[in-house]
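Colleague: One structure, as structure tokens, below. Some questions next.
Just so it is clear, none of the values below were taken in a lab; they were calculated from the coordinates. Quantities reported herein were computed from a predicted structural model and do not represent experimental measurements. Glycine also receives a Cβ, built like all others from the backbone with ideal geometry; neighbour counts cover every protein chain displayed.
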Amino acid sequence: MDTERFKSNGRNLLSPLTRFLAGRNVPPNLLTVCGLVLSISSVFFYARGGFRLAAIILAVGGLFDVLDGDVARREGRVSDKGAYLDSNLDRVSEFAPLFGILLYYMKNTPFFASLTVILMFGSIMVSYAKARAEGLGIECKVGFADRPFRVIFLIIGSLCGPKVFTAFLVLLIVAVYATFLRRMAYSFRKL
């Protein structure tokens with residue numbers, strides 16, 4: 001799977017909306033915060049078993065997450081502060097829905113609650129492995145379970161409802177740990 005080509009096609013599809021927002025001088029950081037608020041609001045729906053509604057909210061939040069960087073680039077407002085804010089809020093935006101899923105499964109199926117924690121840890125490690133490698137001067141984009149993949153997979157699984165979602169949960173765990181191990185191996189070879 002060529003994730004870079006997939007991202008590029010998605011950005012091309014959203015370019016009219018990017019132009020519209022940039023033309024109205026919408027601050028990219030505002031888009032980042034809007035995406036965060038939507039992701040956090042999904043917690044309440046997940047916790048109550050409203051996986052499908054939570055998925056829709058996440059999809060809209062994900063849209064803001066794509067648009068913030070695109071608007072910043074289009075307006076020439078790319079900055080280290082904006083990138084730093086975006087990276088940090090992305091972590092919160094990713095873990096908020098997982099927390100809601102954890103709450104749901106804690107009430108209903110403790111085994112899947114533990115799998116959700118395993119997924120949370122794996123997601124942290126995928127992001128950390130990339131960030132740490134980049135801190136050492138290694139570009140580390142290997143593996144397919146990067147954040148956009150995880151969010152899209154989470155949304156698709158959630159649209160199927162909480163019972164079917166468990167299969168997506170297991171598949172996502174496998175993908176996340178495969179990506180983490182691949183990034184570790186790749187970085188070790190480059191060091």
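Colleague: With r as the distance between the Cβ atoms of Ala113 and Phe20 and R0 = 30 Å, compute the FRET efficiency 1/(1 + (r/R0)^6) and round to 0.05.
Modeller: My answer for the efficiency is 0.10.
Colleague: For the chain, return all DSSP H helices satisfying: extent of Cα atoms along own axis at least 20 Å; mean Kyte-Doolittle hydropathy at least 0.5.
Modeller: On the way: long enough: 3-23 (28 Å, -0.51); 28-47 (30 Å, 1.61); 51-75 (35 Å, 0.84); 80-108 (43 Å, -0.08); 110-135 (37 Å, 0.99); 162-190 (42 Å, 1.00).
Flagged H segments are 28-47, 51-75, 110-135, 162-190.
Colleague: Can you sort Phe51, Phe45 by how many other beta carbons sit within 10 Å, fewest first? Intermediate results must be reported in sequence, preceding the final value.
Modeller: Working: Phe51 25, Phe45 21.
Lowest count first: Phe45, Phe51.
Colleague: Quickly estimate the mean residue ellipticity at 222 nm for the chain, helices only: each DSSP H run with n ≥ 4 gives -39500 (n - 2.57), and the total goes over all residues, rounded to 500.
Modeller: Calculated at 222 nm, the ellipticity per residue is -30000 deg cm²/dmol.
Colleague: Could you size up the charge dipole of segment 93-173 around its Cα centre, putting +1 on the beta carbon of Lys and Arg and -1 on that of Asp and Glu, and report it in debye to the nearest 20?
Modeller: On the way: 7 positive and 4 negative charges, 32 e Å.
Result for segment 93-173 is approximately 160 debye, rounded to the nearest 20.
Colleague: Which of Leu21, Thr179, Val151 sits closest to the plus end of the dipole of segment 3-190, meaning its Cα is farthest towards the positive end, when Lys and Arg get +1 and Asp and Glu get -1 on the C-beta?
Modeller: Going by the charge dipole, the pick is Thr179.
Colleague: Please label the shape of segment 41-98 as rounded, prolate or oblate, based on the square roots a ≥ b ≥ c of the eigenvalues of the alpha-carbon gyration tensor (a/c under 1.5 means rounded; beyond that, a/b larger than b/c means prolate, else oblate). Present the calculation step by step, with values, prior to reporting the outcome.
Modeller: Numbers: a/c = 5.39, a/b = 2.18, b/c = 2.47.
Because a/c hits 1.5 or more and a/b fails to exceed b/c, segment 41-98 counts as oblate.
Colleague: Size of the dipole of the chain about the Cα centre, Lys and Arg at +1 and Asp and Glu at -1 on the beta carbon, nothing else charged, in debye to 20?
Modeller: Values: 23 positive and 13 negative charges, 39 e Å.
Here the chain has a charge dipole of around 180 debye.
Colleague: Using alpha carbons only, how many angstrom separate the centre of segment 147-191 from the centre of segment 94-113?
Modeller: 16
Colleague: Once you order the gyration tensor axes a ≥ b ≥ c over the Cα atoms, which shape class does segment 1-112 get: rounded for a/c under 1.5, otherwise prolate or oblate by comparing a/b with b/c?
Modeller: Values: a/c = 2.32, a/b = 2.01, b/c = 1.15.
Judged from the Cα gyration tensor, segment 1-112 comes out prolate (a/c at least 1.5, a/b above b/c).
Colleague: Follow-up. Quick check on segment 3-190: take the gyration tensor over C-alpha atoms, sort the square-rooted eigenvalues as a ≥ b ≥ c, and tell me if it's rounded (a/c under 1.5), prolate or oblate. Before the final figure, lay out the partial values.
Modeller: Numbers: a/c = 1.98, a/b = 1.20, b/c = 1.65.
It is oblate, given that a/c is not under 1.5 and a/b is not larger than b/c.
Colleague: Set the Förster radius R0 to 41 Å, insert the Cβ-Cβ distance between Glu134 and Leu30 as r into 1/(1 + (r/R0)^6), and round the FRET efficiency to 0.05.
Modeller: The computed FRET efficiency comes out at 0.95.
Colleague: If we count every other residue with Cβ under 12 angstrom of Gly49's Cβ, Lys/Arg +1 and Asp/Glu -1, where does the sum land? Could the numbers behind the result be given before it?
Modeller: On the way: positive: Arg48, Arg52, Lys107, Lys163; negative: none.
Result for the neighbourhood of Gly49: +4.
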